[in-house]
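Colleague: Got a structure here, written out as structure tokens. Questions coming.
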Amino acid sequence: MVSTKTLNYSVENIVKSFGGAKALSSVSMSVSGGEVHCLAGENGSGKSTLIKIMSGVHAPDSGIIRLVEKEFSSLSPRQAVQEGVQVIFQDFSLLPNLTAAENIALPTYIYENSRYINKKSTMKIAQEALDLIGVDIDITLPVSEISIASKQLIAIARATNLGVKMLFMDEPTTALTRKEINRLFTVINQIRARGVATVFVSHKIDEIQEICNTITVLRNGSVVADGLMKDFSTKQISEAMTGQDVLTTRITPELKSIKQKVVQVSNLSAIPTFSNISFSIAAGEILGVTGLLGSGRTELAEAIFGKYQVDSGEISVDGLKLPLNSSKAALAAGIGYVPPDRLTQGLFLEQSILRNLIAVGIDRYKKGWGLLPRKNLAQVGDRWISDLKIKTKNPANPVTSLSGGNQQRVVLAKWFATNPHLMILNGPTVGVDVGSKREILEIIRDRAQSGMSFLLVSDDIPELIQICHRVIVIKNGKISKEFSESELNESDLYKELN
Amino acid sequence: MNIRKLLRRNETVLIFAIIIFSLVIGSKSPEFFTTANLFDILRSSFVQLLFALGVLIVIISGGIDVSFPIVGIFAGYTAVVMMRKFQLNEESLLIPITLAIIIGAILGGFNAIAIAGFGIPTLIATLGTAGIFRGLMLSFIGASFISDIPVGLDNFSTADLIKFESDAGTLVRLHVLVIPVAVITIAVSLLLNRTIFGRSVYALGGGIEPTRRLGISIKRTQAKIYMLVGGLSGLAGILYVSLQRKANPYDLAGSELDVIAAVVLGGASIMGGYGTVFGTVLGVLFINMMKNNLVLLGVSSSWQRAAVGVLLVLGITIQAIGENRKSKRQKTAANKEKE
């Protein structure tokens with residue numbers, strides 16, 4: 001089914017807006033068969049939008065999609081599949097309750113309009129698909145019992161089986177170990193040899209250089225660089241991705257004193273996730289924590305808040321030792337924790353600004369009989385509105401009346417209202433657009449200036465450099481390196497990370 | 001398949017439960033291990049198994065149907081009423097059965113419209129239609145008990161495949177329905193495992209978005225499922241009327257507990273995606289065995305319903321525990337692989 005005819009897929013002058021925000025402005029890109037094309041760019045640069053347009057999920061506002069000789073103003077998902085365009089999403093779109101074999105073979109049956117299915121031919125189809133990409137997986141297992149790396153290979157096998165000519169892979173290496181990445185690259189080279197065009201989306205520069213032969217870099221919805229991979233140096237790619245200006249504008253506040261330690265963590269261990277983690281955070285200090293997926297960074301953040309069970313170690317706040325494994329104690333000691341996605345999903349949009357502001361820790365405003373006196377609440381609301389410079393005429397207005405950036409401020413105010421000594425923010429800007437990201441970082445800076453300490457868990461390197469005083473890198477559950485303020489730079493951090 | 005995996009299967013657990021239960025009752029009352037008792041259990045299982053097969057399909061697809069008993073009695077009762085009103089061939093068995101299946105499928109079609117067309121959650125949709133169907137039946141079709149059902153249906157209630165007098169002098173009978181019910185059971189199993197439609201049902205239960213991306217039409221699959229369940233329920237309803245030799249529009253309501261409990265005990269996941277026909281057969285047999293024989297243990301019949309309720313909760317608890325263990329196993333497996 002797989003055709004070896006060379007294919008040329010290009011898009012020209014694609015424009016796409018969501019609501020008022022422009023996601024892509026006049027983007028052009030071209031890929032040919034037998035090519036591994038890198039689509040690079042930071043979070044929010046428009047990579048996902050471009051993939052979705054090229055695979056028929058979104059229709060562009062304007063622009064031309066050209067597949068071999070055919071021209072489209074927009075594609076439907078079905079058309080895309082018919083033309084041999086396949087996307088491997090980060091969630092792989094596999095059915096956990098069916099066997100690997102069925103996951104691979106089922107689309108083939110549907111494609112051929114079969115009404116019946118039998119085990120033997122299912123196994124045969126699946127095995128052939130796996131042979132085609134040169135991997136060996138137990139296909140009789142249900143997908144729910146298969147590792148992430150193998151799931152990905154199953155998704156690739158399924159795509160190749162469907163006569164893929166153009167394969168998009170959205171951040172395929174995020175959840176993989178180095179060994180698994182090597183296996184993935186072998187497979188990508190296999191399908192490249194068969195004439196398939198692959199678009200590899202990533203922001204990990206070393207991987208891009210290893211596997212891709214052409215590159216397009218997106219920043220803020222525009223193409224800022226494209227060409228042959230060998231014409232770009234690591235530095236050029238990273239500069240294109242981040243934009244020089246972002247790198248230089250650090251907004252880290254001045255540290256008054258590093259002597260007054262607010263939080264002291266020593267020898268914290270939760271075998272096998274992480275072990276012997278020690279660090280301290282001073283008043284007003286912003287400490288960055290980074291690491292790859294599965295390195296233990298999230299678990300560490302949760303452990304400090306008492307949400308993740310640890311075996312041993314010590315956490316003290318303001319010199320007082322904290323009982324381990326108790327979120328209640330952590331809260332009482334003044335540790336706040338904001339999990340990822342809370343900043344983007346933490347609002348009751350139809351409710352008033354005031355109600356949103358008091359939503360966290362509402363018990364604190366309780367008076368006799370459990371009542372919430374209006375006057376007290378109004379005071380609290382007014383204070384946060386002026387403190388965080390939320391632009392509104394009336395706190396009783398619904399949150400939807402605010403601009404995006406101001407909504408972000410409301411979310412943060414909500415969490416800051418508990419007045420923690422240490423605020424743990426886990427991925428505070430995941431999925432946030434460039435403008436709001438800036439807003440969030442500025443609010444963090446302002447709070448830090450007034451003495452609040454931060455533990456910022458993030459895999460967004462430029463963001464860490466922008467705001468943190470120090471950054472520690474977690475690798476396989478251990479602190480692999482600590483970067484002091486003067487040592488912070490993007491390429492070293494990337495290098496340490498991978 | 002290795003032994004450990006086999007032991008973890010729901011069906012295996014259920015077989016053990018059935019054996020243990022049999023031994024306990026059998027030791028208390030020798031009546032239990034008689035052919036007569038076995039045939040009685042089978043006879044009381046036929047209708048329930050047909051309902052259960054429909055429910056199994058719905059549950060695998062990630063939905064739930066609570067309207068099937070009403071659909072069943074609606075179809076059965078209406079078929080009888082139509083037979084009399086239009087003076088159709090009293091002797092015929094095929095006519096009322098066909099009528100009931102068609103009526104059931106039409107009612108299932110309304111469920112399909114509510115669920116696939118309007119996207120109403122399955123529990124709410126079928127709860128609502130159950131009320132509507134029942135009201136329509138009682139106000140427009142009839143609310144009175146019919147004791148003289150058509151001769152064909154009446155005679156069928158005593159159509160026995162095997163009939164002999166036991167040593168104790170009691171009449172031992174096995175109803176001929178055992179054959180068609182077995183055929184339908186196998187057919188449903190083949191449908192689920194050997195057809196693209198069947199696999200789509202499993203896919204739907206595994207996740208709606210991935211299923212859609214496979215190119216399977218969610219709405220069409222759902223519509224087929226609910227109409228099929230309606231048809232099966234209609235068949236079960238008319239057979240119930242025949243076996244009871246009366247058509248009572250107030251019957252069957254409330255029997256959803258037994259059926260859903262049987263399907264869940266049989267290993268179908270209430271979250272969708274998992275379930276087997278074999279498990280459902282065992283579940284139905286177990287529930288009926290228990291209901292028929294708790295009396296032999298000296299448990300009053302008013303406790304039967306409670307016992308079934310306990311089994312349902314127990315079945316779901318076992319599933320939940322199994323699910324937890326499974327995810328733990330997976331985590332350790334994934335960690336090992338990483339190393």
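Colleague: Tell me the residue from A:157, A:101 that is modelled with pLDDT of 85 or more, buried (at least 21 other Cβ atoms within 10 Å of the Cβ) and within 25 Å of residue A:36 (Cα to Cα), please.
Modeller: Unique residue meeting the criteria: A:157.
Colleague: Hey, another quick one. Right, residue A:370: under 29 Å from residue A:465 (Cβ atoms) and modelled with pLDDT under 80 or not?
Modeller: Numbers: under 29 Å from residue A:465 (Cβ atoms): no; modelled with pLDDT under 80: yes.
Spelling it out, it is not the case that residue A:370 is under 29 Å from residue A:465 (Cβ atoms) and modelled with pLDDT under 80.
Colleague: State whether one or more residues within segment A:391-407 are assigned by TED's automatic domain parsing to the domain that holds residue A:336, at pLDDT below 80, within 13 Å of residue A:356 (Cα to Cα) and surrounded by 22 or more Cβ atoms within 10 Å (Cβ to Cβ).
Modeller: Yes - at least one qualifying residue is present in segment A:391-407.
Colleague: Okay, next question. Where in segment A:433-498 are there helices (runs of 4 or more DSSP H), lying wholly inside it, with at least 3 residues that are β-branched (Val, Ile, Thr)?
Modeller: Those helices (runs of 4 or more DSSP H) span A:434-449, A:461-467.
Colleague: For segment A:200-213, indicate whether the set of residues that are among the small types (Gly, Ala, Ser), more than 13 Å from chain B (Cβ to nearest Cβ) and surrounded by fewer than 16 Cβ atoms within 10 Å (Cβ to Cβ) is non-empty.
Modeller: For segment A:200-213, residues among the small types (Gly, Ala, Ser), more than 13 Å from chain B (Cβ to nearest Cβ) and surrounded by fewer than 16 Cβ atoms within 10 Å (Cβ to Cβ): absent.
Colleague: If you go through segment B:177-190 one residue at a time, do you hit one that is of a type in the set (S, T, N, Q), within 14 Å of chain A (Cβ to nearest Cβ) and crowded, with 19+ Cβ neighbours inside 10 Å?
Modeller: Checked against the condition, which is being of a type in the set (S, T, N, Q), within 14 Å of chain A (Cβ to nearest Cβ) and crowded, with 19+ Cβ neighbours inside 10 Å, segment B:177-190 yields no hits at all.
Colleague: Further, regarding this structure: Considering each of A:127, A:152 in turn, give the residue that is over 30 Å from the mean Cα position of the chain (by Cα), assigned by TED's automatic domain parsing to the domain that holds residue A:175 and over 24 Å from residue B:275 (Cβ atoms).
Modeller: Among A:127, A:152, only A:127 is over 30 Å from the mean Cα position of the chain (by Cα), assigned by TED's automatic domain parsing to the domain that holds residue A:175 and over 24 Å from residue B:275 (Cβ atoms).
Colleague: Moving to a separate point now. Among the numbered criteria (1) at pLDDT below 85; (2) buried (at least 17 other Cβ atoms within 10 Å of the Cβ); (3) at negative phi, which single criterion is violated by residue A:188?
Modeller: (1)
Colleague: Can you tell me which residue within segment B:191-208, out of those that are at the interface with chain A (Cβ under 7 Å from one of its Cβ atoms) and of a type outside the set (Ser, Thr, Tyr), is nearest to residue A:87 (Cα to Cα)?
Modeller: B:207
Colleague: Another question, if that's okay. Touching a residue at least 60 places away in the same chain (Cβ under 8 Å), buried (at least 19 other Cβ atoms within 10 Å of the Cβ) and part of a helix (DSSP H, G or I): is that true of residue B:138 in this structure? Let's see the steps before the verdict.
Modeller: On the way: touching a residue at least 60 places away in the same chain (Cβ under 8 Å): yes; buried (at least 19 other Cβ atoms within 10 Å of the Cβ): no; part of a helix (DSSP H, G or I): yes.
No: the conditions fail for residue B:138.
Colleague: Given A:110, A:104, which one is part of a helix (DSSP H, G or I), closer than 20 Å to residue A:55 by Cβ and more than 10 Å from chain B (Cβ to nearest Cβ)?
Modeller: The conditions single out A:104.
Colleague: Of all residues in segment A:160-176 being within 11 Å of chain B (Cβ to nearest Cβ) and surrounded by 18 or more Cβ atoms within 10 Å (Cβ to Cβ), which is farthest from residue A:38 (Cα to Cα)? Quick ask: steps written out before the conclusion?
Modeller: Step one: filter segment A:160-176 for residues within 11 Å of chain B (Cβ to nearest Cβ), giving A:162, A:175-176.
Those left that are additionally surrounded by 18 or more Cβ atoms within 10 Å (Cβ to Cβ): A:162, A:176.
Numbers: A:162: 23, A:176: 18 Å.
It comes out as A:162.
Colleague: Residues of segment A:152-200 being out of contact with any Cys (no Cβ under 9 Å at 6 or more places or on another chain), of a type in the set (S, T, N, Q) and either over 14 Å from residue A:130 (Cβ atoms) or part of a strand (DSSP E or B) (or both), which ones?
Modeller: A:173, A:174, A:177, A:182, A:189
Colleague: Please work out if residue A:114 is without any contact (Cβ under 8 Å) to a residue 24 or more places away in the chain and of a type in the set (Ser, Thr, Tyr). Outline the logic, then answer.
Modeller: Numbers: without any contact (Cβ under 8 Å) to a residue 24 or more places away in the chain: yes; of a type in the set (Ser, Thr, Tyr): yes.
Taking the combined requirement at face value, the residue satisfies it.
Colleague: Among the residues of segment A:122-151 satisfying the criterion of being polar (S, T, N, Q) and in a loop (DSSP other than H, G, I, E, B), which is nearest to the other protein chains (Cβ to nearest Cβ)?
Modeller: Residue satisfying both the conditions and the ranking: A:147.
Colleague: Another question, if that's okay. Of all residues in segment A:360-390, count the ones that are within 29 Å of the chain's Cα centre (by Cα), under 26 Å from residue A:331 (Cβ atoms) and surrounded by fewer than 17 Cβ atoms within 10 Å (Cβ to Cβ).
Modeller: Matching residues across segment A:360-390 total 1.
Colleague: Now, a different point. Can we say residue B:122 is more than 14 Å from every other protein chain (Cβ to nearest Cβ), β-branched (Val, Ile, Thr) and touching a Leu at 6+ places or on another chain (Cβ under 8 Å)?
Modeller: Here the answer is no, as residue B:122 does not meet what is asked.
The values are calculated or read from the model by the stated rules, or taken from the named source; none is laboratory data. Being a predicted model, the structure only gives us computed values, none of them experimental. Backbone-built Cβ (ideal geometry, glycine too); neighbour counts: all protein chains shown.
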